[in-house]
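The values are calculated or read from the model by the stated rules, or taken from the named source; none is laboratory data. Please read all numbers here as calculations on a predicted model, not as lab measurements. Methodologically, a virtual Cβ is constructed for each residue, glycine included, from the backbone with ideal geometry; neighbour enumeration extends over all protein chains shown. For accessibility, only protein heavy atoms count, side chains too; no ligands or nucleic acids. Shrake-Rupley method; radii C 1.70, N 1.55, O 1.52, S 1.80 Å.
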Amino acid sequence: MIQPSDRVKAVPPYLFAEISKKIAEARKKGVDVISLGIGDPDMPTPDPVIEELCRAAHEPRNHQYPDYEGLFEFREAVAKWYKRRHEVTLDPDKEVLTLIGGKEGNLHLCLSIINPGDSTLVPVPGYTPYRTSTIFCSGYPIDVPLLEKNNFLPDLSSIPRGAAKDSKIIFVNYPNNPTGAVAGKEFYKELIDFATENDLIACSDNPYSEIGYDGYRPLSFLEVSGAKDVGIELNSLSKPFNMTGWRIGMAAGNEEVIKAMGIIKNNTDSGVFNAVQYAGIKALSLPDSVLERTLEIYQKRRDLVYNTLSSIGLKCNKPKGSLYMWVKVPEGHSSGTFAAMVLEKAGVVITPGAGYGKEGEGYFRISLTVPDARLTEAMERMRRVMR
Ligand SMILES: *Cc1c(COP(=O)(O)O)cnc(C)c1O
């Protein structure tokens with residue numbers, strides 16, 4: 001009999017299995033289900049990026065293996081972009097690595113740093129790959145709760161000394177998925193001190209670094225002095241340029257970490273299709289006005305959801321960044337029972353917070369990556385149900 005490895009068996013069961021089953025049942029019954037569950041931009045990739053892909057795909061030299069560390073031109077474009085957007089100086093040769101998206105970077109960071117038995121510090125609620133990537137390296141994820149009373153920032157001083165000492169990596173993610181929280185310079189300074197004192201690597205997973213509202217510009221971890229001594233940032237073209245399907249991102253920061261990740265990549269995936277990297281260069285050099293138009297649309301959606309939910313007695317913050325609203329479940333419900341009720345009565349899918357770990361219970365997540373008309377319809381249905 002085929003036995004998958006312990007690491008495969010250690011992956012927690014699909015957290016949204018229950019709700020997926022209910023969605024399938026509702027659709028079978030002919031219900032027009034609207035999903036506010038997925039974090040995947042609905043708007044198309046900008047035309048110039050697509051045109052550049054087509055041009056580069058016609059060039060035979062791009063049909064060969066790419067360099068595992070990425071085209072120098074792409075890494076240079078990343079360095080220029082970090083300079084322009086965040087005032088960060090990076091050496092494209094030593095401090096930047098092309099990634100097949102941020103998710104790939106998470107695993108390969110872990111593979112290049114974690115030994116069996118090491119632990120990592122992972123935020124709860126949080127993006128699940130921090131946990132699974134650790135497990136794949138025979139490491140142990142240690143939960144770091146993100147609580148509303150701390151503005152969903154980890155309380156670093158409450159992490160037990162032993163846990164910090166045994167850990168190799170601490171993961172942070174601001175603007176945050178799923179809570180929509182943001183982090184300021186003070187927090188990153190504390191993080192750098194914490195990483196230095198405990199001799200661990202800080203990984204800022206920052207795919208929403210450009211997604212800010214009301215004029216707010218989210219920070220890059222690398223903007224804070226000392227960041228490169230202790231860590232890296234994982235970033236991605238997926239969210240700001242509507243490119244989730246293209247699979248391209250970057251790791252930037254500490255030279256030793258970038259080098260170690262490169263060794264793993266050289267022996268596993270051989271890098272990103274060069275034509276996609278040329279398209280990526282185009283995306284990174286688009287005028288800021290392209291991004292601003294996208295952000296205006298998300299901001300309107302955020303306001304629509306905030307106004308609707310507030311008016312029907314559901315409590316949430318108005319996020320300054322990210323693509324998510326993190327909303328309190330009403331009294332008498334768990335996140336699971338509330339999501340089931342909203343699906344049954346309104347045909348609307350929301351993500352129960354418990355799926356993001358223990359501290360996610362009591363909340364649900366709404367994603368703003370839904371076309372305006374569908375989002376408006378979903379809000380009307382929720383208003384009716386909550387009356
Ligand atoms: C979307 C997302 C990513 C990265 O996605 P890729 O498409 O793999 O670049 C990473 N972290 C978080 C928290 C995300 O929400």
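Give me the net charge of residue 271's neighbourhood, meaning all other residues with Cβ under 9 Å from the Cβ of residue 271; Lys, Arg count +1, Asp, Glu -1.
Spelling it out: positives minus negatives among the neighbours equals -2.
Take every DSSP beta bridge with both residues inside the chain and express the antiparallel ones as a percent of the total, to the nearest 5.
Here the share of antiparallel DSSP bridges comes out near 50 percent.
Hey, could you get me the Stokes-Einstein D for region 328-376, Kirkwood radius over alpha-carbon pairs, 10 °C and 1.306 mPa s, rounded to whole µm² s⁻¹?
Translational D for this selection: 141 µm²/s.
Measure nothing but the geometry: give the 0 to 90° angle between the long axis through the Cα atoms of 72-86 and the longest principal axis through the Cα atoms of the chain, rounded to 10°.
60
Can you give the calculated 222 nm mean residue ellipticity of the chain, where each DSSP H run of n ≥ 4 adds -39,500 (n - 2.57) and the sum is split over every residue, rounded to the nearest 500 deg cm²/dmol?
It lands at -12500 deg cm²/dmol.
In square nanometres, what is the average projected area of the Cα convex hull of the chain?
Its average projected convex-hull area is 20.5 nm².
Checking the table 189/318; 9/149; 103/259; 228/300; 80/320; 83/282 against a 28 Å threshold on Cα-Cα, which pairs fail?
Listed pairs above 28 Å: 9/149; 228/300.
Taking the Cα centre of region 47-284 as the origin, how large is its charge dipole in debye, to the nearest 20, when only Lys and Arg (+1) and Asp and Glu (-1) carry charge on their Cβ atoms?
Its charge dipole is roughly 280 debye.
What ranking do 263-275, 356-368 get when scored by the average of other Cβ atoms within 10 Å per residue, highest first?
Top of the packing list down: 356-368, 263-275.
Would you work out what percent of the accessible area of the chain, with all protein chains in place, is carbon or sulfur (probe 1.4 Å)?
Carbon and sulfur atoms account for 53 percent of the accessible area of the chain.
For region 320-349 and region 211-277, what is the separation of their C-alpha centers, rounded to whole Å?
32
So, by mean Cβ neighbours within 10 angstrom, what's the order for 3-12, 209-218 with the highest one leading?
Descending packing order for the listed peptides: 209-218, 3-12.
Hey, can you find the accessible area per residue of the chain for me, probe 1.4 Å, expressed in square angstrom?
It amounts to 45 Å² per residue over the chain.
Among 266, 330, 276, whose Cα sits farthest toward the positive end of the charge dipole of region 231-342 (+1 at Cβ of Lys/Arg, -1 at Cβ of Asp/Glu, about the Cα centre)?
Positive-most Cα among the choices belongs to 330.
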